[in-house]
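**Q** Dropping a structure here in structure tokens format, bear with me for questions.
The values are calculated or read from the model by the stated rules, or taken from the named source; none is laboratory data. Predicted model, so just to flag it, every value in this text is computed and none were measured. Cβ: placed from backbone, ideal geometry, glycine included. Neighbour counts: every protein chain shown. Remember, those area values only see protein heavy atoms, side chains included, never the ligands or the DNA or RNA. Shrake-Rupley method; radii C 1.70, N 1.55, O 1.52, S 1.80 Å.
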Amino acid sequence: MAYDVAAVRAHFPALDEGAAHFDGPGGSQVPTVVAEAVAGALRAAVSNRGVETAAERRADGIVAGARRAMADLLGATPEGVVFGRSMTQLTYDMARALAKEWGPGDEVVVTTLDHDANIRPWVQAAEARGVTVRRADFDPASGELDVEAVAGLLSGRTRLVAVTAASNLLGTRPDVPAIAERVHGAGALLYIDGVHLTPHALVDVGELGADFYACSPYKFLGPHLGVLAADPGLLESVHPDKLLPSSDAVPERFELGTLPYELLAGTTAAVDFLAGLVPGEGTRRERLTVSMTALEEHERAMLDRLDAGLAGISGVTVHGSASRRRTPTTLFSVDGLRPADAYRFLAERGVNAPASNFYALECSRRLGLGDAGAVRAGIAPYTDESDVDRLLKGVRELAGGAVRPERS
Ligand SMILES: Cc1ncc(COP(=O)(O)O)c(C=O)c1O
């Protein structure tokens, strides 16, 4: 069955406000079922996890259900799914825990393509242990991160490599399986930032070769929290700081304090919603496979329309369009205009396409865009042709001189 964007849009009350949302890479809108699941968990009797009371069992069931849902979404094992406040928090925690075993002479590799949440935690953990940090550089002209750019930095002392599965600025999808092969060949661990990939593609952490895979449900139609998936056996070997009375079991050992049950219920609902984007039968993983494949096709069609439209507007520069697979995310500038002015102009016309470095600060600087970055248009499951056409109309007006260029 084909992807029906009008039917999908009907599930999103936020769209009634009328804006064309290209701000999905910052955080997607939420379908009614997700909001209802969050509210339902708050309305029901829920207490700390346990088995004696119905309220305890409900909390326990919500946690177990969310681990199963995330495992289905990522092709992971439920017992290896860790929840936290955000990807940033989970990555800081894991960096500090892993670094306990590192020492001078050891090395970690980060990339200039990554969001800072997959750079700074590793850099700072390395600094604290006297570990050397190496930086794999992407090609600013193409936006590609070559496998050799990472592989060339590996040595017998490499402990961990941190790479994004997709750039939140350019959409570039590095060849993660090829990188994984080289990283594992060097005896190192691979930490994948999947925040920007997860909303746009069917993920299989095993196929990717990720030892750790981090993502954030609020980017794929869910609530604000973070998820880290890893092999439970690997998690057994890592010992984070934790409270004395809290569980030392995996994955609970990594989940500091009480989990946000209502947000976990919302996460399960978001995964179920994604699985039902295209109605069908089968296990949730099977339905996710069909739905995410159809979503990818829909988003690719919207991206092609957007890219073709932008290419036809003189005075617009599109940055680093990676030729390999790419998420439906486009970064562009309008000649002579500050990104913030373009952003405001579009916002005033009901087109939400923010401008920033979006925390991919090293990437933005490497592209020559400084800290101001550029305008980012991200396609989401609810993006339709009229959204794209509204954005293009606004950009045409901008390029035609609707805003006076900045004079210095
Ligand atoms: C690629 C990427 N990585 C990491 C993050 C940080 O995620 P969180 O807000 O869950 O810490 C973001 C957020 O925008 C992102 O786009």
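**Q** In the chain, carbon and sulfur make up what percent of the accessible area (probe 1.4 Å)?
**A** Values: 8430 of 16550 Å².
Solvent-exposed carbon and sulfur of the chain make up 51 percent of the total.
**Q** Of all DSSP beta bridges in the chain, what percent run antiparallel (nearest 5)?
**A** On the way: 18 of 37 bridges.
If we restrict to bridges inside the chain, about 50 percent are antiparallel.
**Q** What is the dipole size for the range 128-240, taken about its Cα centre, with +1 at each Lys and Arg Cβ and -1 at each Asp and Glu Cβ, in debye to the nearest 20?
**A** Values: 8 positive and 13 negative charges, 92 e Å.
For this selection, approximately 440 debye.
**Q** Which whole-number value in Å² is the accessible area per residue of the range 33-186, probe 1.4 Å? All intermediate terms of the calculation are to be shown ahead of the outcome.
**A** Details: 6010 Å² over 154 residues.
Using a 1.4 Å probe on heavy atoms only, each residue of the range 33-186 averages 39 Å².
**Q** Additional query: Based on DSSP H runs of at least 4 residues, each adding -39500 (n - 2.57), what is the mean residue ellipticity at 222 nm of the chain after dividing by all its residues, to the nearest 500 deg cm²/dmol? If you can, show how the numbers build up before the last one.
**A** Numbers: 14 runs with 157 residues, N = 408.
Result for the chain, helices only: -11500 deg cm²/dmol.
**Q** Something else: Would you kindly state how much longer the chain becomes between A35 and E148 on full extension, computed as 0.36 nm times their sequence separation minus their alpha carbon distance, in nm to one decimal?
**A** Value of the extension gain: 36.3 nm.
**Q** Something else about it: In whole percent, what relative contact order does the chain give with Cα contacts below 8 Å and a gap of six or more residues? Present the calculation step by step, with values, prior to reporting the outcome.
**A** Numbers: 847 pairs, mean separation 93.3, N = 408.
Here the relative contact order equals 23 percent.
**Q** Which one, G257, A136, N352, projects farthest toward the positive side of the charge dipole computed for the chain from Cβ point charges (K/R +1, D/E -1)?
**A** Going by the charge dipole, the pick is N352.
**Q** Right, another one. Given a 1.4 angstrom probe, what's the average accessible area per residue across the range 342-381, in square angstrom?
**A** On the way: 1520 Å² over 40 residues.
Per-residue value: 38 Å².
**Q** Please give every one of the lysines within straight-line cross-link reach of K219, meaning a C-alpha to C-alpha distance under 17 Å, and leave out same-chain neighbours fewer than 8 residues apart.
**A** Filter leaves no residues.
**Q** In the chain, which longest range has no GluC sites (Glu not before Pro) that are both DSSP loop (not H, G, I, E or B) and surrounded by at most 10 other Cβ atoms within 10 Å?
**A** Working: sites that count: E52, E281, E406.
Longest run free of exposed loop sites: 53-280.
**Q** Could you work out how far the C-alpha centroid of the range 127-144 sits from that of the range 37-73, in angstrom?
**A** First find each Cα centre; the distance between them is then 40 Å.
**Q** Distance in nm between label sites at H224 and A7, each 7 Å beyond Cα in the beta-carbon direction?
**A** 3.3 nm
**Q** So, in nm, how far is label E297 from label Q89 when the simple model puts each one 7 Å beyond its Cα toward the Cβ?
**A** Between E297 and Q89, the label points sit 3.9 nm apart.
**Q** Further question: About its Cα centre, how strong a charge dipole does the range 327-391 have in debye, to the nearest 20, once Lys and Arg get +1 and Asp and Glu get -1 at the Cβ?
**A** Working: 7 positive and 9 negative charges, 51 e Å.
Dipole of the range 327-391, to the nearest 20 debye: 240 debye.
**Q** Return one whole number: the accessible area per residue of the range 200-315 in Å², for a 1.4 Å probe.
**A** Working: 4690 Å² over 116 residues.
Per-residue value: 40 Å².
**Q** Calculate the spin-label point distance for R157 paired with T132, positioning each point 7 Å from the Cα along the beta-carbon direction, and give it in nanometres.
**A** 0.4 nm
**Q** What residue among A141, A230, A76 has the largest mean-square fluctuation in a Gaussian network model of the chain, using Cα springs under 10 Å?
**A** Its mean-square fluctuation being the largest, the pick is A141.
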